[in-house]
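To start, the structure itself, in structure tokens.
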Amino acid sequence: ERTFVGDQVLRITLQSQEQLRVLQSLEHEEEWQLDFWLHPVSTDLPVDIRVPSSSLSTIKEFLLTHNIPFTVIIENLQELIDMEKTEMEENQKKKQ
Amino acid sequence: STRSINFGAYHTLETIYSWMDTLVTQYPHLVTKQEIGKSYENRPMYVLKFSTGGTNRPAIWIDTGIHSREWVSPATGLWTANKIASDFGSDASLTSLLNTMDIYMLILANPDGYVYTHTNDRMWRKTRSLNSGSLCRGVDPNRNWDAGFGGPGASTSPCSDSYHGPFAHSEIEVKNVVDLIKSHGNFKSFISVHAYSQLLMYPYGYTCTDVADKAELDSIGRAATQKLTSLYGTYYKVGNICNIIYPASGGSIDWSYDTGIKYSFAFELRDTGYYGFLLPSNQIIPTATETWLALKHIMEYVRDHPY
């Protein structure tokens, strides 16, 4: 089973067309294995990116270099997945 | 009994399929379960048909869970199916709707992907079909419809999450729906439910050209989301896919609209801003409840505006 230990989800609120273009260029960046949950489409909508733990420092540095502000909306994706799984297992037990 | 399922929890495919049987048992004169075909990995695909009788009545289509990691979508579908069944006979508007129209619900539009998110990869989005010449599996089932297929906003790479597939309707899960809609021939509305980002969209995605019915669809969408927002204040944006998100070819509601189903819409359900695809289960019922208000508005409009 694939795990996501240390993967974070960053939320980026774009403030300019230039930042939008920078983010759009990231969509074609395969090396960092970014998973766009919400794609960069306009400055009106936020961008959510799941960043594998292996690319975290690089992507954060990239955003800082381009003065693109971000917040971390999920600190450790695996923790949420584990909680979800535990809850489902408990529900299943209750049902049985 | 349907009372034994917790609508405020996420469930496995087996539990959902089993629950469908209990719903049919509880409402035998309203609900039937129909197999529309098998998935790539040979799982049955079931639609719940809500009908009070008659042959080939005008119908409304609702699918949930075409992207497997968007769990709140089928969870909302489950709650909605139960709502339709339990409110029939007591909700005058819904009752009149079902006395003239049928509703078809496909709660797990991508069963293989859904199972895969439970067993191997919670973040899986696509189908599970093998791609010739590639180690990467799966096609984005919402880029695989015959509507500007292979155009902008879809990837040619089998390793991409938005891979459009080798040809339109290559995915059996898509073809099963296409075959049903075509053979039925009398669908008046097609609604696809996704998550997340709080949008209500209408065609097109494969081009930014306005559809002929843009004004009407926009007006319906705005009225529907106004009702949705009235419950908990959840804010929705309304517009065509191309302008509100981005060009995305091969989408289901573009296909349905071009097939002649005027009232084609796609929902992106709620997000608290903190969880994305991992929306906590305590958000399921609030999400479903607010979505119902919008869905009902669209369905009533369809009932009242035959074409």
Q.
Please determine whether any residue of segment B:220-236 is within 14 Å of chain A (Cβ to nearest Cβ) and either under 19 Å from B:T80 (Cα atoms) or outside any helix (DSSP H, G or I) (or both).
A. yes
Q. Only one residue in A:V22, A:V5, A:V9 is over 30 Å from B:V115 (Cβ atoms) and of a type outside the set (S, T, Y). Which one?
A. A:V22
Q) When you go through (1) without any contact (Cβ under 8 Å) to a residue 60 or more places away in the chain; (2) buried (at least 23 other Cβ atoms within 10 Å of the Cβ) one by one for B:N120, which number turns out not to apply? A) (2)
Q | Any chance B:T22 is part of a helix (DSSP H, G or I), more than 19 Å from B:T289 (Cα to Cα), β-branched (V, I, T) and in contact with a helix residue (DSSP H, G or I) (Cβ under 8 Å, 6 or more places away or on another chain) | A | yes
Q) Are any residues in segment B:171-191 surrounded by 17 or more Cβ atoms within 10 Å (Cβ to Cβ) and part of a loop (DSSP other than H, G, I, E, B), and if so, which ones? A) B:E171
(Q) Out of everything in segment B:256-274 that is in a loop (DSSP other than H, G, I, E, B) and either among the charged types (D, E, K, R) or under 21 Å from B:L78 (Cα atoms) (or both), what residue ends up being modelled with the lowest pLDDT? (A) B:T272
**Q.** Matching entry among A:E1, A:E61, A:E18 (being at the interface with another protein chain (Cβ under 8 Å from one of its Cβ atoms) and either among the acidic types (D, E) or loosely packed, with under 13 Cβ neighbours inside 10 Å (or both))
**A.** A:E1
Q | Search result, residues across segment A:64-96 that are farther than 30 Å from B:K237 by Cβ, surrounded by 14 or more Cβ atoms within 10 Å (Cβ to Cβ) and facing chain B (nearest Cβ under 8 Å) | A | A:E87, A:M88, A:N91
Q) List, please: which pairs have Cβ atoms under 6 Å, are six or more places apart or on different chains, and start with a residue in segment B:125-150 that is free of Cβ contacts under 8 Å to residues at least 60 places away in the same chain and crowded, with 17+ Cβ neighbours inside 10 Å and end with one that is among the basic types (K, R) and not in a loop (DSSP other than H, G, I, E, B)? A) none
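Among the residues in segment B:114-128, are any in a helix (DSSP H, G or I), touching a strand residue (DSSP E or B) at 6+ places or on another chain (Cβ under 7 Å) and modelled with pLDDT of 95 or more?
No, every residue in segment B:114-128 fails to be in a helix (DSSP H, G or I), touching a strand residue (DSSP E or B) at 6+ places or on another chain (Cβ under 7 Å) and modelled with pLDDT of 95 or more.
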Q: State whether the residues of segment B:100-116 include one that is touching a residue at least 40 places away in the same chain (Cβ under 8 Å), among the small types (G, A, S) and either touching a Leu at 6+ places or on another chain (Cβ under 6 Å) or surrounded by fewer than 19 Cβ atoms within 10 Å (Cβ to Cβ) (or both).
A: no
Q.
Anything in segment B:25-68 that is of a type in the set (S, T, N, Q) and either touching a residue at least 24 places away in the same chain (Cβ under 8 Å) or out of contact with any helix residue (DSSP H, G or I) (no Cβ under 8 Å at 6 or more places or on another chain) (or both)? List them, or say none.
A. B:T25, B:Q26, B:Q34, B:S39, B:N42, B:S51, B:T52, B:T55, B:N56, B:T64, B:S68
Q. For the subset of segment B:101-123 comprising residues that are polar (S, T, N, Q) and under 22 Å from the mean Cα position of the chain (by Cα), which member is nearest to the other protein chains (Cβ to nearest Cβ)?
A. B:T117
Q: May I ask you to list the residues in segment A:39-58 that are within 9 Å of another protein chain (Cβ to nearest Cβ) and under 9 Å from the mean Cα position of the chain (by Cα)?
A: A:D48, A:R50
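The values are calculated or read from the model by the stated rules, or taken from the named source; none is laboratory data. On a predicted model such as this, the values are computed, not experimentally measured, just so you know. All Cβ positions, even for glycine, are placed from backbone atoms using ideal geometry, and neighbour counts span all protein chains on display.
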